[in-house]
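Trainee: Following this message is one structure expressed as structure tokens.
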Amino acid sequence: MRQLACLLVMFAGAATAAAQQYTGGPYVPTPQAVVDEMLRLAKVNADDVVVDLGSGDGRIVLTAAQRYGARGLGLEIDEELVQFSNAEAERLGVADRARFLQQDVLEAHIGEATVLTLYLLPAMTMMLRPKILHDLKPGTRVVSHDFDLGEWRPDRKVVVDLSEKYGTSGAFQSNVFLWTVPVRIEGEWRVTAARAGIAPFRLRLKQQFQHFEGGAAVGGRIVKLQQGEINGATIRFELALPRNDGGVRRLLFVGTVNNDAIRGEFRPPGGEAIGHWNASRAAARLPGPSRPATGPRLRRSD
Ligand SMILES: C[S@@+](CC[C@H](N)C(=O)[O-])C[C@H]1O[C@@H](n2cnc3c(N)ncnc32)[C@H](O)[C@@H]1O
């Protein structure tokens with residue numbers, strides 16, 4: 001809360017007409033120790049494309065290029081900061097892999113990113129959340145300084161102690177949050193398992209960011225699945241499948257989602273893989289004229 005108050009006070013201090021149009025907030029650099037922690041937490045490496053939304057003086061992208069050999073792109077609305085950052089990239093000898101463009105982050109194409117970094121005011125961070133979930137590939141790491149993404153709970157949170165922040169000396173802290181963009185699996189799936197005794201079944205999944213719940217229609221009843229978890233394009237869940245002898249067989253299913261298909265293995269929890277499974281997305285049922293109308297009807301004037 002103190003972090004937000006400080007940034008908002010700085011925002012008020014910088015409230016020129018130009019600053020007010022920056023809905024992501026004014027230029028307040030992330031302390032270098034926090035930049036280092038953000039890149040460490042995201043495990044940035046030479047294969048990454050790091051995109052910083054609202055890149056300020058370019059320090060996040062420049063550090064990623066210099067220290068880890070990553071490629072990077074900074075998007076920044078302030079032209080002077082863009083020029084400064086590109087000059088820094090030249091000076092540091094990383095202009096071949098770090099570049100900066102003047103652009104509003106809300107209009108940016110971010111689909112190439114494998115790591116996305118943010119230090120923007122909460123309203124803007126939240127405004128970007130649907131774009132992050134929609135435009136980024138599953139598995140992309142998202143790191144934010146100080147501001148979280150609401151009910152999308154982070155995979156990790158690290159607190160960094162600082163002796164300087166907002167250009168002032170003192171005892172400060174910064175929060176660094178990490179998320180992994182989850183694949184979208186909401187809906188209905190047809191599952192087949194390559195093992196005798198497990199008949200094909202349907203799964204109906206309801207997703208909440210990196211978590212999901214749902215049930216499997218097995219042998220005329222619904223078996224609730226447990227521990228549904230998504231990590232990038234990988235999903236896992238447990239099912240207690242009924243056995244012919246009246247007992248149940250608890251199995252852990254792990255699979256990789258590729259658009260409308262899933263392939264993976266299953267095993268007893270804690271044991272070795274005992275078979276393969278795959279799933280395909282069941283076509284969504286379209287509401288047809290034969291279905292009884294149960295919801296409220298719109299009046300002509302609505
Ligand atoms: C708090 S600073 C962070 C700078 C840098 N990312 C860092 O962490 O050091 C936020 C930056 O976002 C820029 N910004 C604000 N709104 C923006 C927008 N709509 N599009 C692009 N940049 C924006 C500001 O000019 C400012 O430089």
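Trainee: Per residue, how much accessible surface does segment 134-271 expose to a 1.4 Å probe? Answer in Å², no decimals. The partial results should precede the final answer.
Mentor: Values: 7170 Å² over 138 residues.
Each residue of segment 134-271 exposes 52 Å² on average to a 1.4 Å probe.
Trainee: Related question: Among VAL49, ALA233, ALA171, pick out the residue whose Cα is farthest towards the positive end of the charge dipole of the chain, where Lys and Arg carry +1 and Asp and Glu carry -1 on C-beta, about the Cα centre.
Mentor: ALA233
Trainee: Can you pull the percent of the chain's accessible area that's carbon plus sulfur, 1.4 Å probe, other chains left in place?
Mentor: Working: 8330 of 16470 Å².
Ligands and nucleic acids excluded, carbon and sulfur reach 51 percent.
Trainee: With +1 assigned to the C-beta of every Lys and Arg and -1 to the C-beta of every Asp and Glu, and no other charges, what is the dipole magnitude of the chain about the Cα centre in debye, to the nearest 20?
Mentor: 2080
Trainee: Also, quick follow-up: Viscosity 0.890 mPa s, temperature 25 °C: give me the Stokes-Einstein translational D for segment 145-282 in µm²/s, with Rh taken as the Kirkwood radius over C-alpha pairs. Present the calculation step by step, with values, prior to reporting the outcome.
Mentor: Values: Rh = 17.1 Å.
So the translational diffusion coefficient is about 144 µm²/s.
Trainee: Within the P(r) computed for segment 143-199, what percentage of the Cα pairs occupies the region above 14 Å? Show your work: numbers first, answer last.
Mentor: On the way: 1110 of 1596 pairs.
Beyond 14 Å sits 70 percent of the P(r) for segment 143-199.
Trainee: In debye to the nearest 20, how big a dipole does segment 187-281 give about its Cα centre with +1 on each Lys and Arg Cβ and -1 on each Asp and Glu Cβ?
Mentor: 240
Trainee: Now for a different question. List, in order, the whole-Hz ³J(HN,Hα) value for each residue of segment 78-93 obtained from phi through the Karplus relation with A = 6.51, B = -1.76, C = 1.60 and θ = phi - 60°; use x for Gly and Pro.
Mentor: For segment 78-93, the Karplus-derived couplings read 8, 4, 4, 5, 5, 4, 4, 5, 5, 5, 5, 4, 5, 4, 8, x Hz, x marking Gly and Pro.
Trainee: Further question: Pick out, from ALA217, SER144, ILE77, the residue whose Cα sits farthest towards the positive end of the charge dipole of the chain, with +1 on the Cβ of Lys and Arg and -1 on the Cβ of Asp and Glu.
Mentor: Looking along the dipole axis, the top candidate is ALA217.
Trainee: Please give every one of the aspartates and glutamates within straight-line cross-link reach of LYS224, meaning a C-alpha to C-alpha distance under 18 Å, and leave out same-chain neighbours fewer than 8 residues apart.
Mentor: GLU186, GLU188, GLU213, GLU238
Trainee: Moving on. Taking a ≥ b ≥ c as the square roots of the Cα gyration tensor eigenvalues, with a/c under 1.5 meaning rounded and otherwise prolate when a/b beats b/c, else oblate, which class fits segment 92-163?
Mentor: Cα axes put segment 92-163 in the oblate bin.
Trainee: For the chain, compute Rh as the Kirkwood radius over C-alpha pairs and then the Stokes-Einstein diffusion coefficient at 4 °C and 1.567 mPa s; write the answer in µm²/s, rounded to an integer.
Mentor: 59
Trainee: What FRET efficiency, computed as 1/(1 + (r/R0)^6) with R0 = 45 Å and r the Cβ-Cβ distance, is obtained for ARG267 and TYR166, rounded to the nearest 0.05? Before the final figure, lay out the partial values.
Mentor: Numbers: r = 51 Å, r/R0 = 1.13.
Once the sixth-power term is evaluated, E becomes 0.30.
Trainee: A further question on this structure: Treating only the Cα positions of segment 2-180 as identical point scatterers, give the base-10 log of I(q)/I(0) from the Debye formula at each q in 0.15 Å⁻¹.
Mentor: The Debye formula, applied to the Cα set alone, gives -0.82.
Trainee: While we're looking at this one, here's another question. Tell me which of GLN103, THR125, GLN208 sits at the most positive position along the dipole axis of the chain, charges placed on C-beta atoms (Lys, Arg +1; Asp, Glu -1).
Mentor: Most positive-ward Cα: GLN208.
Trainee: When the Karplus curve 6.51 cos²θ - 1.76 cosθ + 1.60 is applied with θ = phi - 60°, which whole-Hz ³J(HN,Hα) does each residue of segment 210-221 get, with x for Gly and Pro?
Mentor: The phi angles translate into 8, 10, 8, 9, x, x, 10, 8, 10, x, x, 9 Hz.
The values are calculated or read from the model by the stated rules, or taken from the named source; none is laboratory data. Given the structure is predicted, the values throughout are model-derived calculations rather than measurements. Every residue, glycine as well, gets a Cβ built from its backbone with ideal geometry; the counts of neighbours run over all protein chains shown. To get the accessible areas, we keep the full protein, side chains included, count just its heavy atoms, and leave off ligands, DNA and RNA. Shrake-Rupley method; radii C 1.70, N 1.55, O 1.52, S 1.80 Å.
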